[in-house]
1. Which residue fluctuates most in the GNM of the chain (Cα springs below 10 Å): 123, 169, 42?
2. Just check the range 221-302 against the gyration tensor rule for me: Cα atoms, a ≥ b ≥ c as the square roots of the eigenvalues, rounded for a/c under 1.5, and otherwise prolate or oblate depending on whether a/b exceeds b/c.
3. Within 10 Å, count the other beta carbons around each residue, average over each peptide in 228-235, 63-70, 43-50, and list them highest first.
4. As I understand it, the value is the acute angle between the Cα axis of helix 295-308 and the longest principal axis of the Cα atoms of the chain; what does it come to in degrees, rounded to 10?
5. With 30 Å as the limit, write out which pairs from 125/159; 151/217; 151/264; 240/264; 14/264; 113/298 have Cα-Cα distances beyond it, or answer none.
6. Can you give me the relative contact order of the chain as a percent, contacts being Cα pairs under 8 Å and 6 or more apart?
7. In a Gaussian network model over the chain where Cα atoms closer than 10 Å are linked, find which of 132, 112, 13 has the largest mean-square fluctuation.
8. Taking +1 at the Cβ of each Lys and Arg and -1 at the Cβ of each Asp and Glu, which of 168, 140, 196 sits farthest along the dipole of the range 123-215 towards its positive end, judged by Cα position relative to the Cα centre?
Amino acid sequence: MTVLAITGGVGGSKLALGLSKLLSPDRLIIAVNTGDDFTHLGLRVCPDLDTVMYTLAGMENPETGWGVACDTWETMSALEALGGPTWFRLGNRDIATHLERTRRLAAGEPLSKVTAHLARSCGVKHRIVPASDQNISTVVETPLGQLPFQKYFVELGCKPTVQGFQFVGAENARPAPALQTCFDKGEIEAVIICPSNPYVSIAPIIAIPGIRAFLRKPEVPVVSVSPIVGGKALKGPTAKIMRELGIQPSSLAIAEHYSDIVSKLFIDVADENQVEQIASLGVETTVSRTVMTTIADKTRLARDVLVQAGINIDQID
Ligand code: FO1
């Protein structure tokens, strides 16, 4: 049997790493958001897939959470001298990932096959799969008009007011083959929704009909970890986006957002006072320390989440 972890980029990758320390490769499959993907400088860039891959490989840039540790920037400097766009920072080693992905995609390989090859080449044994091999593009609706995600997130620094999101392509997208096989064989015993931005990083995944339908099966426990602690997001624009969407940033709001798919929600001790309100939504809460800094934090939270999902890992290994 297998645990399905659903994640976006930096924040969710921390829990995915913790899960990978406790579950062997055949017991964990990690489905990653592809809504942030875009073609830049002619290269196909998949930020969340790369962040998960680099994090599980232990090679991610610890300061930013994305890109490769100790990467170099000569190509960016040379590009700047040529007047090229350098707003999206691509380190030299990171560029190799995008070059090889672009080459393989152009040769007709599906994204999940390319991702499996890249992850294996980085020494990652766990299965990292794009949520879908079909293109899904997150478009941000703002007063400036509809913006491609990375333009909003990086080039404009999340400044434009968010009025809504579109996940173009999601409705016609199918779960990645490896994921669909797990669904068809009834192999998934629990789903963990990692603490990524629910509105931007998890939503494009749940927008895929085959995945949304699976998460709604009452017999499959779905446990999530709130990305909001004490009314704030640990990283990124989650709280700002929530306010702009007219939602008060809180773990209660996260519980409301997930109430039709999540059976249990981990909230931080800072939000203990919201337990009753969340329980009234029919979502059980587990109060824990959800801020993950060290690998011990990530592994402990992963263990607690698995236990709440009914997976007693001590019997596994
Ligand atoms: N985020 C930034 O804020 N600035 C960047 O220059 C940047 C470059 C970048 C390059 C590769 C990559 O995989 C991620 C990168 N990110 C950058 C982060 C990226 O925009 C976000 O990780 C996701 O798209 C949102 O989770």
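Rule-based calculations on the coordinates, nothing more; no lab input. Quick caveat: nothing in here was measured; it's all calculated off a predicted structure. Note that we place each Cβ from the backbone using ideal geometry, even for glycine, and neighbour counts take in every protein chain shown.
1. Maximum among the listed residues: 42.
2. Working: a/c = 1.70, a/b = 1.12, b/c = 1.53.
In terms of gyration-tensor shape, oblate.
3. Details: 228-235: 17.6, 63-70: 15.0, 43-50: 23.4.
Taking the mean over residues of other Cβ atoms within 10 Å, the ranking is 43-50, 228-235, 63-70.
4. Around 50 degrees separate the two axes.
5. Values: 125/159 38 Å; 151/217 36 Å; 151/264 34 Å; 240/264 25 Å; 14/264 19 Å; 113/298 28 Å.
Beyond 30 Å: 125/159; 151/217; 151/264.
6. Rounded, it is 20 percent for the chain.
7. Ranking 132, 112, 13 by mean-square fluctuation puts 112 first.
8. 196
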